[in-house]
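Okay, so here's the structure we're looking at.
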Amino acid sequence: MASGIDSTRMVEVPPDPVTTGSDGVPPTSVAPGTGPVPARGARGVPFVELDPPDAARDDAWMRVALEAAARAARMGDVPVGAVAVRDGVSIAVAWNEKEARHDPTAHAEVLAIRAAAGVLGRWRLPDVTLYVTLEPCAMCAGAMVQARVGRLAFAALDPRAGAAGSAFSLLDAPAHNHVVPVTAGIRADEASAQIATFVQALRARGRDLSST
């Protein structure tokens, strides 16, 4: 069975990306929870220079993440995809594999972080931006803090379990020694529709949604 990790596929930003989200409005950079993103060095934010958020670039990479999410759906997993990007190049592409691996921790974000760390030969990822099609859960947000991920960009909100500000605010929790800056809402409508289509198909087959 094909793995949901592709750490060897070096993907450059697609040419001529559009400059807005799927609703025609550029995504807005936000920090989870309340308050501004702390200055570099404060509360553990790494002294690493990342390229500033760019709507066109973010949109292009989110399209790659959505393609990965579609692969998860075809394999019977909830369609969530993730792409780890460093210096404008993809170093890891992953998608949900909970069902395929029978592993409750095999979320797209965790798999992408593991693959990126393997490619770079280090567990600290302050120079990596992680693109994800759904707001991360508490487990994945915790993994991002542990990995010192430089920035998170995600598509759809998860009001029920999102840990980047919806249900919890773990990426800027005062108790943590690292803050992950966040950009939210990139191609949110497309990501939400992808998940809704998957859920509807499960219901049509009579599958118990609580098992996903």
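Numbers for the structure displayed
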| read-out | value |
| --- | --- |
| Some residue of region 201-210 being under 22 Å from residue 92 (Cα atoms) and not in a loop (DSSP other than H, G, I, E, B) | no |
| Test: residue in region 168-177 that is within 14 Å of the chain's Cα centre (by Cα) and at positive phi | no |
| Residues within region 182-209 that are surrounded by fewer than 21 Cβ atoms within 10 Å (Cβ to Cβ), under 30 Å from residue 53 (Cα atoms) and hydrophobic (A, V, I, L, M, F, W, C), tallied | 3 |
| Any chance residue 135 is closer than 13 Å to residue 84 by Cβ, charged (D, E, K, R) and free of Cβ contacts under 8 Å to residues at least 60 places away in the same chain | no |
| Selection from region 161-181 of residues that are part of a strand (DSSP E or B) and buried (at least 23 other Cβ atoms within 10 Å of the Cβ) | 164 |
| Residue within region 108-115 that is of a type in the set (A, V, I, L, M) and assigned to a loop (DSSP other than H, G, I, E, B) present | no |
| Which numbered condition residue 116 misses (of (1) open to solvent by 20 Å² or more (accessible area, probe 1.4 Å); (2) among the aliphatic types (A, V, I, L, M); (3) touching a Lys or Arg at 6+ places or on another chain (Cβ under 8 Å)) | (1) |
| Residue among 99, 109 that is surrounded by fewer than 19 Cβ atoms within 10 Å (Cβ to Cβ) and under 23 Å from residue 199 (Cβ atoms) | 99 |
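The values are calculated or read from the model by the stated rules, or taken from the named source; none is laboratory data. All values reported here derive from a predicted model rather than from experimental measurement. Note that we place each Cβ from the backbone using ideal geometry, even for glycine, and neighbour counts take in every protein chain shown. In case anyone asks, the SASA skips ligands and DNA or RNA and just uses the protein heavy atoms, side chains included. Shrake-Rupley method; radii C 1.70, N 1.55, O 1.52, S 1.80 Å.
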